[in-house]
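The values are calculated or read from the model by the stated rules, or taken from the named source; none is laboratory data. What you see is a predicted model, and the numbers here were worked out from it, not measured in a lab. Ideal geometry is used to build each Cβ from the backbone, glycine not excepted, and the neighbour counts take in all protein chains shown.
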Amino acid sequence: MILIVGLGNPGDKFLGTRHNIGRETAQSAGKKIYFPEFKFEKKWNTQISERKFEKTKTILLLPDTFMNKSGNAVGPIAKFYKIKSQDIIILHDDADIMLGRAKLSFGKHSAGHKGVESVKRALGTLDFWRLRIGIQKKKRVEAKKLVLQKLKPDEQKQIKKLEKKIMEGLEMFAAGEQEKAVGIINKNI
C-alpha cells in the first residue's frame with residue numbers, strides 16, 4: 001500500500017499560495033490520474049481518496065490540519081492502514097528549489113519545513129519519501145516572506161508544466177517503480 005500526502009493549509013485564504021503547492025499538486029494528481037473524489041474523514045480531519053495502480057492500493061491524502069500539524073493526520077492513517085514509512089510520499093513546497101523544478105528523495109531531514117517535521121514526529125522516523133516542489137523566485141526571497149505569496153499567472157503555467165512530470169512520476173511510484181519515479185521527477189524540464 002502507498003500513501004501520497006499533499007501538505008498545505010486548508011481554506012480559501014491559502015488557495016494559490018506557494019506554501020499550498022503540495023496540497024494543490026496532490027489535488028491535481030487526484031483528477032489527472034483518476035482517483036475518485038475526496039471524502040472527508042472526520043476522525044482524522046482529512047480528505048482521502050483511494051484507488052489501485054497495478055495491484056497496489058494507493059491512498060491520496062489531504063490533511064485538513066494546518067501545515068505544522070500535518071502529522072496529526074498522517075501518523076494515525078499510516079498506523080490504521082499499516083503503511084510502512086518507506087511507502088509514504090509527502091508532497092510539499094521547498095523554498096530552496098527554483099519554481100518549476102521538483103526533487104524526489106528518501107530519508108532526508110526536514111530542512112526546517114514545519115509540515116515535514118510534524119510528519120517525522122508522528123511517524124517517529126525520516127524514512128519516508130519527500131517530493132519537494134520548488135517555489136523560489138529567480139531573485140531569491142526569504143522563505144518566510146515567500147510562502148504565503150500567491151502564484152502569478154506565468155508561474156502557474158510553470159507549475160502546470162511541472163505537474164505533468166510529477167503525475168508521471170507518481171504513477172511510477174504507485175506502481176512500485178520508485179527509482180524510475182526519481183529519474184522522471186528529478187530530471188530538469
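Observations on the model:
- Only residues that are more than 21 Å from Leu15 (Cα to Cα), modelled with pLDDT of 95 or more and in contact with a Lys or Arg (Cβ under 8 Å, 6 or more places away or on another chain) were counted across the stretch 79-116, and they come to 5.
- Note on the stretch 54-100: among residues that are in a loop (DSSP other than H, G, I, E, B), over 14 Å from the mean Cα position of the chain (by Cα) and of a type in the set (D, E, K, R), the one that is nearest to Ile4 (Cα to Cα) is Lys84.
- Qualifying residue in the stretch 128-144 (condition: under 17 Å from the mean Cα position of the chain (by Cα), farther than 15 Å from Gly22 by Cα, at pLDDT 95 or above and surrounded by fewer than 16 Cβ atoms within 10 Å (Cβ to Cβ)): no
- Among the residues of the stretch 34-53, those that are part of a strand (DSSP E or B), surrounded by fewer than 22 Cβ atoms within 10 Å (Cβ to Cβ) and of a type outside the set (A, V, I, L, M, F, W, C) comprise Lys39, Glu41, Ser49, Glu50, Arg51, Lys52.
- The conditions of being hydrophobic (A, V, I, L, M, F, W, C) and outside any helix (DSSP H, G or I) are met by Ile4.
- Consider the stretch 101-110 and keep the residues that are assigned to a strand (DSSP E or B) and among the small types (Gly, Ala, Ser). The one that is nearest to Gly124 (Cα to Cα) is Ser105.
- Elements of type helices (runs of 4 or more DSSP H) in the stretch 138-189, at least 1 residues being under 24 Å from Ile83 (Cβ atoms): 153-174, 178-186
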